[in-house]
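Written out below as structure tokens is the structure these notes cover.
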Amino acid sequence: MSWSIQDTFGSLARYLQNGGVFSSLFLYVIIAAFIGFLSTSVSPHGPEEGFVYDIGGFSIFNAWKFFTKRYDFVQAGFRKSGGRTFQFKVLQHRIIAMAGEASRKAFFNEPGLSFSEGYKILLGGAPQSKDIVRTGEEIPSDVEEAEFVKQVSSLVRRDRLEPAIPLLLEDLHTRLTNDWGHKCRIEPFKYVREAIFQMTVRLSSCQELAEDRKSIDDLMASYSALERSATPVSQLLPWFPGPAKKSREKATTKLFTILHKFVMLRRHASSTTTDAIDVLIGKGHGDQSIIGTIMKTLFAGVSTTSAIASWTLLRLASNQRWKHKSIEEYKALVERHSTTPARSGLQKRLSDVPLTAWEEELPSTDLVIRETIRLTSAGSIIRRNMQNDITVDGAIVRRGNFVTYQVADAHLNPEIYPDPLRFDPERFVHGREEDQREAFGFVGWGAGRHPCVGMRAAKLEIKLLLGLILLGYEYELVDESGNHPKELPVPDKNDNHQAGCIYLSALPLGGPYFLKLTRVVD
């Protein structure tokens, strides 16, 4: 079935639609017949090429489970294969699921395994220029992976992050004051994401956009619409002109239009700045390249960073010992570095703290963040082999094949982390260092050839937000009824949030959970 069935049905759908006789019911019947046809292809059980166990079953059913209950699907596959490497198909794509230290080392070190190709095809990916409905000349393709890494690296250098700290804190202060107020109950996975989105826009675009609340809100709405459009149907049948595809095209066009406006504004400005857009213009990048970089940065950074920040706040609210340690650490940080009077405002005092101190003088907070990531990230990372055939732990991965590695294989492995479901930030302290028991025992910020290029900026954003909340508010974790939950929040491992470096559970099971806050310091 490698002869592009999807092109055939895509053309038919477009023909029906353009001919004015488009019938949703009729087209769904066609799709159902198409899926039924695919379902007749059953993979055999047993050892396959390169001694890879094939879990069998209907490929379309496997695909549906892979997109809806990915953690459970992969875990079931390993039980079926007896813990061995196994393979399955998502439509015409061959995917090899791996586990163990040898596979982990290869997964993160093989140069031909592309993150962007795996993310783009099987996980919905960031918005692409081709999703924009336009007339006239064709829009160039997105920035290639290596070029994107190079561009983002130029935006997270010390000489850019250091002067941005006061601006980021002022952005946060405005958000918290206007949106949170002095006494509130917030849903962290919404409000924290909005705060992280604001900071990421500041770091990846320009001052004019970062200070335009309406444009920020419009960007955020389009961003959310794109996330919602990544449905199992839209991922399985990306050519199908259904509501999800139309929503994706509309949201991508809106994103592009907003960002294009500000790129043009900076390109025709009378003077240059150190803002990201000006940096990229100065390096000779075209408009499409700059816009593509910003869009990819938002999609690679916001989901991951906001999930980490949200879960860190929940973990601290549930563990008074570590919450107290972090608060005292932040107080000491301010006392050491700030000369600004307290009456000037907390954000002004925190602005005195240099980047080096943010990165090196919050050891307890670093441990909490690291342990939060370990407990929260368990989903499947995907790569696609874009170079020569390779052999990984006895399995042949051909050019074009996909490989998937489930982060839980390391992060929730009792042989690496005893009692792995227990929150224990001291696992990483010197002399204990449980993550060093196997190669790449912790992959929360990427590893090997695939480290998270935005890690430095993400950590800074999280710590700035934590500083304003821990020092500025008293807060506690409550459930929907306003009561303290009897049990700690547990991540939903099947809620694989699409993110750039790792896949985090963005929401807890048994929620929703809220943070009840009262401001104590302005």
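Check off (1) out of contact with any Phe, Trp or Tyr (no Cβ under 6 Å at 6 or more places or on another chain); (2) open to solvent by 10 Å² or more (accessible area, probe 1.4 Å); (3) at pLDDT below 90; (4) not in a loop (DSSP other than H, G, I, E, B) for L226 and give me the number that stays unchecked.
Only one criterion is unmet by L226, namely (2).
Determine whether R427 is of a type outside the set (A, V, I, L, M), assigned to a helix (DSSP H, G or I), surrounded by 13 or more Cβ atoms within 10 Å (Cβ to Cβ) and touching a Gly at 6+ places or on another chain (Cβ under 7 Å).
Values: of a type outside the set (A, V, I, L, M): yes; assigned to a helix (DSSP H, G or I): yes; surrounded by 13 or more Cβ atoms within 10 Å (Cβ to Cβ): yes; touching a Gly at 6+ places or on another chain (Cβ under 7 Å): no.
Spelling it out, it is not the case that R427 is of a type outside the set (A, V, I, L, M), assigned to a helix (DSSP H, G or I), surrounded by 13 or more Cβ atoms within 10 Å (Cβ to Cβ) and touching a Gly at 6+ places or on another chain (Cβ under 7 Å).
Is the stretch 170-189 home to any residue that is over 19 Å from S303 (Cβ atoms), touching a Phe, Trp or Tyr at 6+ places or on another chain (Cβ under 9 Å) and of a type in the set (S, T, Y)?
no
Does any residue of the stretch 459-475 turn out to be β-branched (V, I, T), under 21 Å from L362 (Cα atoms) and more than 26 Å from the chain's Cα centre (by Cα)? First the steps, then the outcome.
In the first step, residues of the stretch 459-475 are kept if they are β-branched (V, I, T); the result is 462, 469.
With under 21 Å from L362 (Cα atoms) added as a condition, the list becomes 462, 469.
Filter once more, keeping what is more than 26 Å from the chain's Cα centre (by Cα): none.
The answer is no; no qualifying residue exists.
Given (1) farther than 22 Å from I462 by Cβ; (2) under 20 Å from the mean Cα position of the chain (by Cα); (3) polar (S, T, N, Q), where does T253 come up short, assuming only one miss?
T253 satisfies every listed condition except (2).
Pairs please, first residue from the stretch 340-362 and more than 18 Å from A457 (Cβ to Cβ), second anywhere and among the hydroxyl-bearing types (S, T, Y), Cβ atoms under 8 Å, 6+ apart in sequence or on different chains.
The qualifying pairs are T340/S351; K348/T340; R349/S338; R349/T340; D352/S338; D352/T339; D352/T340.
With respect to the numbered conditions (1) surrounded by fewer than 19 Cβ atoms within 10 Å (Cβ to Cβ); (2) in contact (Cβ under 8 Å) with a residue 24 or more places away in the chain; (3) β-branched (V, I, T), which one is the sole condition not fulfilled by T200?
(1)
Could you grab the pairs with beta carbons closer than 7 Å, sequence gap of 6+ or different chains, first residue in the stretch 249-268 and of a type in the set (S, T, Y), second one open to solvent by 10 Å² or more (accessible area, probe 1.4 Å)?
Listed pairs, sorted by first residue: T252/D131; T252/I132; T253/I132; T253/V133.
Checking V156 against (1) surrounded by 14 or more Cβ atoms within 10 Å (Cβ to Cβ); (2) out of contact with any helix residue (DSSP H, G or I) (no Cβ under 6 Å at 6 or more places or on another chain): exactly one of these is not met. Which one?
Evaluating V156 over (1) surrounded by 14 or more Cβ atoms within 10 Å (Cβ to Cβ); (2) out of contact with any helix residue (DSSP H, G or I) (no Cβ under 6 Å at 6 or more places or on another chain) leaves (2) as the failure.
Just name the residue that is modelled with the lowest pLDDT out of those in the stretch 302-322 that are assigned to a helix (DSSP H, G or I) and open to solvent by 20 Å² or more (accessible area, probe 1.4 Å).
Narrowing the stretch 302-322 to residues assigned to a helix (DSSP H, G or I): 302-318, 320-322.
Okay, now just the ones that are also open to solvent by 20 Å² or more (accessible area, probe 1.4 Å), so 315, 318, 320-321.
Details: R315: 94, S318: 91, Q320: 94, R321: 96.
Filtering first and then ranking leaves S318.
Within the set of pairs 6+ apart or on separate chains, which have a first residue in the stretch 78-90 that is in contact (Cβ under 8 Å) with a residue 12 or more places away in the chain and closer than 15 Å to V392 by Cα, a second that is of a type in the set (D, E, K, R) and open to solvent by less than 20 Å² (accessible area, probe 1.4 Å), and C-beta atoms under 8 Å apart?
F86/D54; Q87/D54
Tell me, please, whether a residue that is assigned to a loop (DSSP other than H, G, I, E, B), on the phi < 0 side of the Ramachandran plot, open to solvent by less than 40 Å² (accessible area, probe 1.4 Å) and touching a Pro at 6+ places or on another chain (Cβ under 8 Å) can be found in the stretch 388-410.
No: the stretch 388-410 contains no residue that is assigned to a loop (DSSP other than H, G, I, E, B), on the phi < 0 side of the Ramachandran plot, open to solvent by less than 40 Å² (accessible area, probe 1.4 Å) and touching a Pro at 6+ places or on another chain (Cβ under 8 Å).
Is it true that A210 is more than 25 Å from V478 (Cβ to Cβ) and either open to solvent by less than 60 Å² (accessible area, probe 1.4 Å) or without any contact (Cβ under 8 Å) to a residue 40 or more places away in the chain (or both)?
Values: more than 25 Å from V478 (Cβ to Cβ): yes; either open to solvent by less than 60 Å² (accessible area, probe 1.4 Å) or without any contact (Cβ under 8 Å) to a residue 40 or more places away in the chain (or both): yes.
Judged against the criteria, A210 is a match.
Out of (1) closer than 20 Å to L172 by Cα; (2) out of contact with any strand residue (DSSP E or B) (no Cβ under 7 Å at 6 or more places or on another chain), the odd one out for A307 is which?
Of everything listed in (1) closer than 20 Å to L172 by Cα; (2) out of contact with any strand residue (DSSP E or B) (no Cβ under 7 Å at 6 or more places or on another chain), A307 misses just condition (2).
Go through the stretch 358-387 and count every residue that is farther than 17 Å from V429 by Cα, of a type in the set (S, T, N, Q) and either open to solvent by 10 Å² or more (accessible area, probe 1.4 Å) or touching a helix residue (DSSP H, G or I) at 6+ places or on another chain (Cβ under 8 Å) (or both). Don't jump to the end; show me each part of the working.
First pass over the stretch 358-387, keeping only residues farther than 17 Å from V429 by Cα: 358, 376-387.
After this cut, where a residue has to be of a type in the set (S, T, N, Q) as well, the list is 376-377, 380, 385, 387.
Still in the list and also either open to solvent by 10 Å² or more (accessible area, probe 1.4 Å) or touching a helix residue (DSSP H, G or I) at 6+ places or on another chain (Cβ under 8 Å) (or both): 376-377, 380, 387.
Here the count works out to 4.
With respect to the numbered conditions (1) farther than 23 Å from E328 by Cα; (2) buried (at least 19 other Cβ atoms within 10 Å of the Cβ); (3) touching a Phe, Trp or Tyr at 6+ places or on another chain (Cβ under 9 Å); (4) not acidic (D, E), which one is the sole condition not fulfilled by G444?
Result: G444 passes all but (3).
The values are calculated or read from the model by the stated rules, or taken from the named source; none is laboratory data. Quantities reported herein were computed from a predicted structural model and do not represent experimental measurements. Positions of Cβ are backbone-derived with ideal geometry, glycine not excepted, and every protein chain shown enters the neighbour counts. Note: accessible area is taken over every heavy atom of the protein model, side chains too, but ligands, DNA and RNA are not part of it. Shrake-Rupley method; radii C 1.70, N 1.55, O 1.52, S 1.80 Å.
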